[in-house]
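The values are calculated or read from the model by the stated rules, or taken from the named source; none is laboratory data. This one's a predicted model, so the numbers in the text were calculated from it and none came from an experiment. FYI the Cβ positions are ideal-geometry reconstructions off the backbone, even for glycines, and counts take in every protein chain you see. These accessible areas exclude ligands, DNA and RNA; they are computed on the full protein's heavy atoms, side chains included. Shrake-Rupley method; radii C 1.70, N 1.55, O 1.52, S 1.80 Å.
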Amino acid sequence: MSRFPDGFLWGGATAANQCEGAYSEDGRGLSSVDVIPFGEDRMKVARGQMKMLECDGAHRYPAHDGIDMYHRYQEDIALFAEMGFKVYRFSIAWTRILPNGDDDIPCEAGLTFYDNLIDECLKYGIEPLVTICHFDTPVALIQKYGGWKDRRMIDAYLKFCNAIFTRYGNRVKYWLTFNEINMLLHMPFMGAGILFEPGENPEEVKYRAAHYELVASAKAVQLARRLMPGALIGCMLAAGQYYPFTCNPEDVYAAMECDRDNYFFIDAQARGEYPVWAWKRLERAGIHLDCTEEDLASIKEGVVDFISFSYYASRSMSADPETVEKYKKPGNAAISSLLNPYLKASEWGWQIDPTGLRITLNTLYDRYQKPLFIVENGMGAVDKVEEDGSIHDPYRIDYLRAHIEAMGKAVSEDGVPLLGYTMWGPIDLVSASSGEMKKRYGFIYVDKDNDGNGTLKRLRKDSFFWYKKVIASNGEDLD
Ligand code: BGP
């Protein structure tokens, strides 16, 4: 008997812009992620603090080539199948389907690519799980509307949804409306194509965009129900519980406030209304939401079927400015947090906390009472290829084993209903935060370095054979 239910969906997750490459092939239009460069300007652009709406010769743009999955998807899916994947989560690049973001006629070559990708999965009995929008806003719409700053993005997004629901609805059952929707607050350009103009109130701009995305998400849920009865539509949170740095009640309150920033989105998507504190907070901050009665009715009608989330690490917060200064995470972390002295960290400073996954699963289920789906979890690390081509990655196995153990406890001891687990980056791909190849997550190694050199050859790491056993035993054999 396994701790995990029969039919538990084991697999892996990727995003179009981090692996496909072929950024200008077959009519694909330019997307926000294509203009986010490698190197020290990356975070400035991703945060909307540096304007870059076209590519220049001074920067390198890792999304342009990715790991060339556009041309190698058959080989890659065959490797996923060899591991026994039951599900593969990928995203559909908006500008492959609608190159300008709101075209009346979808691009046939783009549609065909995903036809083939989906059919390739189904050939092996792998369930496709589609993220509709994974950190990509069409550049044409950023130029036209300023990205998600503008309400007209809702209709453009629904056009995109309509095109893919109509085409793939007969083969795809699981859909996610926006990847890590709360990331909009932390990386506004990467999350929503937002650039801040002088004189704008950044908080107001972000919350307005958040509102438009939430209305779009709710309307997409309704459209999906009309066009694809039987489909299951989820929301997607960049999760990780905030711990109070100490048991000082002020720290507890500070941690709760940080959690609320992120739950704001899921509260709307899973409960169909904004939480009461949000209205008060927006009012205090002088933020006007541009919210109509019809918007609120849409949000109410468009409640998701399940809640998916990414989990890499827990977070912590203190109310004391000195503690915050002293324990602030170094570097360019997307979501602010303090260093937790009880936890070890990966080479990129992401703290490792499997129990935090159990806590997050319980918190989300207590809050929403909807089925959950872990759609990202993993550890970026440096791997070394041995002379014989083998790659020994016990650190990755240790990380994943501990997290699967914790998830097993949440399921079997706490009773959390969990649909599946797609680890992040089953094949090495471009890092979203750093643009590096060196930060590797995969079971499959890809021969490509940070400078873009390499043969792109795929190699099986030790963890590849380990995950195969995990899946074959439905999560029981973790040795
Ligand atoms: C999430 C994103 C992914 C992915 C992952 C790992 O935020 O949804 O796109 O990249 O994090 O992060 P990174 O690539 O920065 O290591």
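Scanning the range 47-67 for residues that are open to solvent by 30 Å² or more (accessible area, probe 1.4 Å) and out of contact with any helix residue (DSSP H, G or I) (no Cβ under 7 Å at 6 or more places or on another chain), which turns out nearest to Ile126 (Cα to Cα)?
The residue in question is Asp65.
Here's a check for you: in the range 410-427, which residue that is away from the ligand (no atom under 16 Å from the Cβ), within 17 Å of Ala239 (Cβ to Cβ) and in contact with a helix residue (DSSP H, G or I) (Cβ under 9 Å, 6 or more places away or on another chain) is most open to solvent (accessible area, probe 1.4 Å)?
Kept after step one, since they are away from the ligand (no atom under 16 Å from the Cβ), are these residues of the range 410-427: 410-420.
Next, only the ones that are within 17 Å of Ala239 (Cβ to Cβ) stay: 410-411, 414, 416-420.
Going one step further and asking which of them are in contact with a helix residue (DSSP H, G or I) (Cβ under 9 Å, 6 or more places away or on another chain), we end up with 410-411, 414, 416-418.
Values: Ala410: 0, Val411: 22, Asp414: 63, Val416: 7, Pro417: 47, Leu418: 13 Å².
Filtering the range 410-427 for residues that are away from the ligand (no atom under 16 Å from the Cβ), within 17 Å of Ala239 (Cβ to Cβ) and in contact with a helix residue (DSSP H, G or I) (Cβ under 9 Å, 6 or more places away or on another chain), the one most open to solvent (accessible area, probe 1.4 Å) comes out as Asp414.
Within the range 346-372, restricting attention to residues that are of a type outside the set (D, E, K, R) and within 13 Å of the ligand (Cβ to nearest atom), which residue is nearest to Pro394 (Cα to Cα)?
Of the range 346-372, the ones of a type outside the set (D, E, K, R) are 346, 348-352, 354-357, 359-365, 368-369, 371-372.
Now drop any that are not within 13 Å of the ligand (Cβ to nearest atom), which leaves 346, 348-350.
Numbers: Ser346: 13, Trp348: 17, Gly349: 18, Trp350: 17 Å.
Within the range 346-372, the match that is nearest to Pro394 (Cα to Cα) is Ser346.
Across the range 21-46, which residue is surrounded by the most Cβ atoms within 10 Å (Cβ to Cβ) among those that are in contact with an Asp or Glu (Cβ under 8 Å, 6 or more places away or on another chain) and of a type in the set (S, T, N, Q)? Show your work before the answer.
We begin by selecting, within the range 21-46, every residue in contact with an Asp or Glu (Cβ under 8 Å, 6 or more places away or on another chain); these are 21-23, 30-33, 35, 38.
Filter again for of a type in the set (S, T, N, Q), leaving 31-32.
Working: Ser31: 27, Ser32: 29.
Once the filter is applied, the top-ranked residue is Ser32.
Of all residues in the range 292-317, count the ones that are among the hydroxyl-bearing types (Ser, Thr, Tyr), in a loop (DSSP other than H, G, I, E, B), more than 30 Å from Tyr441 (Cβ to Cβ) and in contact (Cβ under 8 Å) with a residue 12 or more places away in the chain.
Applying the first criterion (among the hydroxyl-bearing types (Ser, Thr, Tyr)) to the range 292-317 yields 292, 298, 308, 310-312, 314, 316.
Of the ones still in play, those that are also in a loop (DSSP other than H, G, I, E, B) are 292, 312, 314.
Adding the requirement that they be more than 30 Å from Tyr441 (Cβ to Cβ) leaves 292.
Checking which are in contact (Cβ under 8 Å) with a residue 12 or more places away in the chain leaves us with none.
Here the count works out to 0.
Cβ-Cβ below 6 Å, separation at least six or inter-chain, first residue in the range 259-281 and outside any helix (DSSP H, G or I), second modelled with pLDDT of 95 or more: which pairs?
Gly272/Ile299; Gly272/Lys300; Gly272/Val303; Tyr274/Ala268; Pro275/Asp267
Within the range 201-230, can you find the residues that are more than 18 Å from Asn179 (Cβ to Cβ) and in contact with a strand residue (DSSP E or B) (Cβ under 9 Å, 6 or more places away or on another chain)?
Across the range 201-230, the qualifying residues are Arg225, Met228.
Which of the residues belonging to the range 81-108 are part of a helix (DSSP H, G or I) and crowded, with 23+ Cβ neighbours inside 10 Å?
Taking the range 81-108 first, the residues part of a helix (DSSP H, G or I) are 81-83, 94-97, 108.
Met83, Trp94, Thr95, Arg96, Ile97 - these are the residues of the range 81-108 that are part of a helix (DSSP H, G or I) and crowded, with 23+ Cβ neighbours inside 10 Å.
Quick check: is even one residue across the range 446-469 in a loop (DSSP other than H, G, I, E, B), within 16 Å of the ligand (Cβ to nearest atom), open to solvent by less than 10 Å² (accessible area, probe 1.4 Å) and closer than 24 Å to Ala46 by Cα?
No, there is no match, as no residue in the range 446-469 is in a loop (DSSP other than H, G, I, E, B), within 16 Å of the ligand (Cβ to nearest atom), open to solvent by less than 10 Å² (accessible area, probe 1.4 Å) and closer than 24 Å to Ala46 by Cα.
If we keep just the residues of the range 109-144 that are away from the ligand (no atom under 16 Å from the Cβ) and farther than 18 Å from Val172 by Cβ, which is surrounded by the most Cβ atoms within 10 Å (Cβ to Cβ)? Even if it seems obvious, please write down each step before you answer.
Going through the range 109-144, the residues away from the ligand (no atom under 16 Å from the Cβ) turn out to be 109-128, 138-144.
Those still in the list that are farther than 18 Å from Val172 by Cβ too: 109, 138-144.
On the way: Ala109: 13, Pro138: 28, Val139: 23, Ala140: 20, Leu141: 26, Ile142: 26, Gln143: 15, Lys144: 16.
Of everything passing the filter in the range 109-144, Pro138 is surrounded by the most Cβ atoms within 10 Å (Cβ to Cβ).
Among Val375, Val382, Val430, which is within 13 Å of the ligand (Cβ to nearest atom) and surrounded by fewer than 17 Cβ atoms within 10 Å (Cβ to Cβ)?
Numbers: Val375 fails: surrounded by fewer than 17 Cβ atoms within 10 Å (Cβ to Cβ); Val430 fails: surrounded by fewer than 17 Cβ atoms within 10 Å (Cβ to Cβ).
Residue meeting the stated conditions: Val382.
Go over the candidates Tyr395, Tyr368 one by one and state the one that is touching a residue at least 12 places away in the same chain (Cβ under 8 Å) and closer than 25 Å to Leu129 by Cα.
Of the residues listed, the single one that is touching a residue at least 12 places away in the same chain (Cβ under 8 Å) and closer than 25 Å to Leu129 by Cα is Tyr368.
For Cys161, state whether it is within 16 Å of the ligand (Cβ to nearest atom), within 20 Å of the chain's Cα centre (by Cα) and not charged (D, E, K, R).
On the way: within 16 Å of the ligand (Cβ to nearest atom): no; within 20 Å of the chain's Cα centre (by Cα): yes; not charged (D, E, K, R): yes.
So Cys161 does not fit the description; no.
Please go through the range 252-286 and pick out each residue that is open to solvent by 10 Å² or more (accessible area, probe 1.4 Å) and either among the acidic types (Asp, Glu) or within 16 Å of the ligand (Cβ to nearest atom) (or both).
Glu257, Asp259, Asp261, Glu273, Glu283
Among the residues of the range 301-344, which ones are open to solvent by 60 Å² or more (accessible area, probe 1.4 Å) and within 16 Å of the ligand (Cβ to nearest atom)?
Within the range 301-344, Pro330, Gly331, Asn332, Ser336 meet the criteria.
Hey, Leu289 hits all of (1) part of a helix (DSSP H, G or I); (2) modelled with pLDDT under 95; (3) of a type outside the set (Val, Ile, Thr); (4) more than 30 Å from Gly11 (Cα to Cα) but one; which does it fall short on?
Checking Leu289 against (1) part of a helix (DSSP H, G or I); (2) modelled with pLDDT under 95; (3) of a type outside the set (Val, Ile, Thr); (4) more than 30 Å from Gly11 (Cα to Cα), the one that fails is (1).
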